[in-house]
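Peer 1: What follows is a structure written as structure tokens; I'll ask about it next.
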Amino acid sequence: MRLFLFAAACAILPLHADGTGLTVARIYHPARGETFVEARTLTPQWRPDGTLLGERRDRSGFRTLERLGATPERLLEAERLRELLANAGAAPVDVRAALALPFTWNPARDAFLVRAGGALYLVDAAGAQARRLAEGDSPAFSPDGAWVAYLDGQDIHAVELATGRISRITTGGGPTRLNGRMDWVYQEEVFNERGNWRAFWWSPDSRRIAFLSLDETNVPVFTLADDRTQPQTLQRLAYPKAGDPVPGVRLGVADLEGRIHWTEDPYPGREVFVARVGWDPRGRLVAHWTGRDQTWLECRRYEGPGPGRVLVREHHPRGWVEHLPLPHFLDDGRFLWLSSRTGNSHLYLYDGKAGVPLTSGPWDVKRLLGVDARTGQVHFEGTRRNPVGMDAFRVPLSGGAPELLTPAPGTHSLTWDPAFRRAVDRWSDIDTPSRDLLLAPGAPPKVLEASVATPAWTAEAKGKVVFQQVRTRDGFPMEAMLVLPVGFDPARKYPVFQYVYGGPNAPQVRNAWNRSMPWFQFLAQQGIAVWVCDNRSAAAKGNAAHRVKGNLGALELEDQLDGLAWLRSQGWADMDRVALDGYSYGGFLTAYALTHSAAWKLGVIGAPVTDWRLYDCYYTERYMGLPRDNAQGYDASSCIKAAAALKGKVMLIHGTLDTNVHLQNSVQFLDALQKAGHDAPVTLLPGSDHSPRAPQHVYAMYEATWRFLKANL
């Protein structure tokens, strides 16, 4: 049955009066939820000889191994892998958990590591044997494949595979001294590698290990309480909030006998971070250093005693320096560098003196894929064709126009073989779930594996998805996406559900398959339009985000109001019934919008930062500076201080064990709301960290959101 809206204030009616159609339970229920997309189970990867391997998850979620070619060949079944690990001493319950995780491969791709029950096991890819190496975590093979370095406690160890001999590389690690291990802020923010705690890097000759040593002595400890148990389980982590003391850092190089050389601190007495570490092809240590305010970054190379030589310095005094990859060194000593110094992110070729631009224009290079030494072609991904897509290109080292390598519109992510002759292209668009394609010269793309929409999904009525570019009041082009209600009639009025993230350089409008599409289409079946608009700071278009420096929230809100003005001009949107929903930074922006504007009737606020003094130093100070230097900006962006000005109805959602945005944020905001006489229902996700993944948490979040919308929108 089609949706009928008798008046602007009428109730939301379901598309199907007979009870069919999408429901929150059909999409998300932990026991009764249906599968709408059969997801990819294959993870392809290249061997050095150019053959292609694939890790595949079987129906039990376990990893199997196969060789991909004209005729795929299964190399190692999950059952055989379980048998090998059990024979090596691993407990069955530990094996089940271990086989659900990706393997750690050696350079030759003929053996890999599995961590089960706290121990590391070396497995032959042909399935001949597995053996226990040592107790530890965060392993890394040496480039020659002869050693495995790993962490045992807060120190680095290494095991020689041929003999089983274990060498202790560092000593002195403990609760406040981390050798080779990242703390929370380093893994989450500085290196931006959530879940990867390893802070050591092998040299190309496999004889040395560079590592960070972090001193947590002065870093405040935050405590989270798990109330699901009696007695409570307490989790304590070093977490420097804005303005707090940060970890002290030293950069060292150790040999395999544990002899350590410490590099000279180039900034004695200053609070700094080491943001990247690696080696050049000649075995010289390279590291990125950045100041606490992140307005500058220096890439230093160490060729002997001293603080190292500065290869490149980036400086954005009115903004910040983004996370930059290490230089890509060529065999002749030149290197490639990614920089946004001209306003957009582009590649520069350095010959030791100056950087020559290889790319330019009002678009951005997003990732350097590598250099084909045979042809002198530089391969990269970027937004040259479309700001909401991602394509692969190549450009000669000698300069010239980039050549498009991925003709199909959408979002591409390429992994080239070592010779740059074939590539695996992970591709999707807004209508097509992701698939892995094998690209080879002179041959059509071959589908290695594809996520497939199920009959349950294809049978559903769906609203039309439209990409739209919207200009702000000063002319900036914002990217937006609409999911129109099923049976859309422009002569009618429709309520609007707006999803927002809005954080710096984190666009949500992409021509790629969106895992939220079943939720969006459920809303479309209920006669609700879905609106997603990337404000300029979220757009990841060069340095456009720098305008928010020192005052998060204000410019984002202005841009979002300009987006709503465009929506209003279309005539069919009921602007008295617009709901705003956001999580994490989107939770902050939703709370900020509902306390600083009357444009939204409802706000669904998930895991919000409600005062930037409560969030971690590295992320916050990049955009806000230190609280002592910008007290006015912190006050102006505080949703807690603005709680009394709440305009619409809001609800809160938060995980009780969120190590990223602490529940403290929602509690303090709720406290301020209640003191001002405002009511706000709360949905807690017991035991959930920042990103709800457990099926019961995901269902609870969406079911609570839908109940709130249905009752109030």
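Peer 1: Of all residues in the range 428-457, count the ones that are touching a strand residue (DSSP E or B) at 6+ places or on another chain (Cβ under 9 Å) and within 30 Å of ARG32 (Cα to Cα).
Peer 2: Within the range 428-457, residues that are touching a strand residue (DSSP E or B) at 6+ places or on another chain (Cβ under 9 Å) and within 30 Å of ARG32 (Cα to Cα) number 16.
Peer 1: Is it true that some residue in the range 128-146 is among the acidic types (Asp, Glu) and within 19 Å of GLU257 (Cβ to Cβ)?
Peer 2: Yes - at least one qualifying residue is present in the range 128-146.
Peer 1: Can you pull out every residue in the range 458-479 that is closer than 24 Å to VAL37 by Cβ, part of a strand (DSSP E or B) and among the aliphatic types (A, V, I, L, M)?
Peer 2: Those that are closer than 24 Å to VAL37 by Cβ, part of a strand (DSSP E or B) and among the aliphatic types (A, V, I, L, M): VAL465, VAL466.
Peer 1: Name the residue that is surrounded by the fewest Cβ atoms within 10 Å (Cβ to Cβ), counting only residues in the range 244-267 that are part of a loop (DSSP other than H, G, I, E, B) and in contact (Cβ under 8 Å) with a residue 60 or more places away in the chain.
Peer 2: Among those that are part of a loop (DSSP other than H, G, I, E, B) and in contact (Cβ under 8 Å) with a residue 60 or more places away in the chain, it is GLU257.
Peer 1: Shifting gears a bit: Taking the condition within 19 Å of the chain's Cα centre (by Cα), surrounded by fewer than 22 Cβ atoms within 10 Å (Cβ to Cβ), modelled with pLDDT of 95 or more and part of a helix (DSSP H, G or I), does ARG613 pass?
Peer 2: no
Peer 1: In addition: Do you know which residues across the range 394-444 are over 18 Å from GLY50 (Cα atoms), of a type in the set (A, V, I, L, M, F, W, C) and more than 23 Å from the chain's Cα centre (by Cα)?
Peer 2: Correct list: VAL395, LEU397, ALA401, LEU404, LEU405, ALA408.
Peer 1: Would you mind finding the one in VAL447, VAL496 that is in contact (Cβ under 8 Å) with a residue 12 or more places away in the chain and either under 27 Å from LEU22 (Cα atoms) or buried (at least 17 other Cβ atoms within 10 Å of the Cβ) (or both)?
Peer 2: VAL496
Peer 1: May I ask you to verify whether GLU381 is touching an Asp or Glu at 6+ places or on another chain (Cβ under 9 Å) and either touching a residue at least 12 places away in the same chain (Cβ under 8 Å) or assigned to a strand (DSSP E or B) (or both)?
Peer 2: Yes; evaluated as a whole, the condition is true for this residue.
Peer 1: When the residues of the range 230-243 are filtered to those that are closer than 28 Å to GLY278 by Cβ and not hydroxyl-bearing (Ser, Thr, Tyr), which remaining residue is surrounded by the fewest Cβ atoms within 10 Å (Cβ to Cβ)?
Peer 2: Here the answer is LEU237.
Peer 1: So, one more: Scan the range 189-198 and give yes if some residue there is at positive phi, in contact with a helix residue (DSSP H, G or I) (Cβ under 9 Å, 6 or more places away or on another chain) and assigned by TED's automatic domain parsing to the domain that holds LEU297, otherwise no.
Peer 2: Yes - at least one qualifying residue is present in the range 189-198.
Peer 1: Does any residue in the range 120-148 that is outside the structural domain of SER206 (by TED's automatic domain parsing) and in contact (Cβ under 8 Å) with a residue 60 or more places away in the chain come within less than 6 Å, Cβ to Cβ, of a residue that is surrounded by fewer than 16 Cβ atoms within 10 Å (Cβ to Cβ) and part of a strand (DSSP E or B) six or more places away or on a different chain, and which pairs are these?
Peer 2: TRP147/GLU160
Conditions tested, residue by residue: (1) in contact with a helix residue (DSSP H, G or I) (Cβ under 9 Å, 6 or more places away or on another chain); (2) of a type in the set (Val, Ile, Thr).
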residue: GLY343; (1), (2): yes, no
residue: HIS346; (1), (2): no, no
residue: VAL356; (1), (2): no, yes
residue: SER360; (1), (2): no, no
residue: ARG367; (1), (2): no, no
residue: ASP372; (1), (2): no, no
residue: GLN377; (1), (2): no, no
residue: PHE380; (1), (2): no, no
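Peer 1: Looking only at strands (runs of 3 or more DSSP E) that lie completely in the range 487-597, which have at least 3 residues being under 26 Å from the mean Cα position of the chain (by Cα), of a type in the set (D, E, K, R) and at pLDDT 95 or above?
Peer 2: Details: elements: 494-500, 529-533, 573-583.
In the range 487-597, no matching strands (runs of 3 or more DSSP E) lie anywhere.
Peer 1: Also, quick follow-up: Just one of ALA672, ALA643, ALA704, ALA631 is of a type in the set (A, V, I, L, M, F, W, C), surrounded by fewer than 17 Cβ atoms within 10 Å (Cβ to Cβ), over 22 Å from the mean Cα position of the chain (by Cα) and not assigned by TED's automatic domain parsing to the domain that holds THR295; which is it?
Peer 2: Just one listed residue meets the conditions, ALA631.
The values are calculated or read from the model by the stated rules, or taken from the named source; none is laboratory data. These numbers were taken from a predicted model, which means no experiment stands behind them. Backbone-built Cβ (ideal geometry, glycine too); neighbour counts: all protein chains shown.
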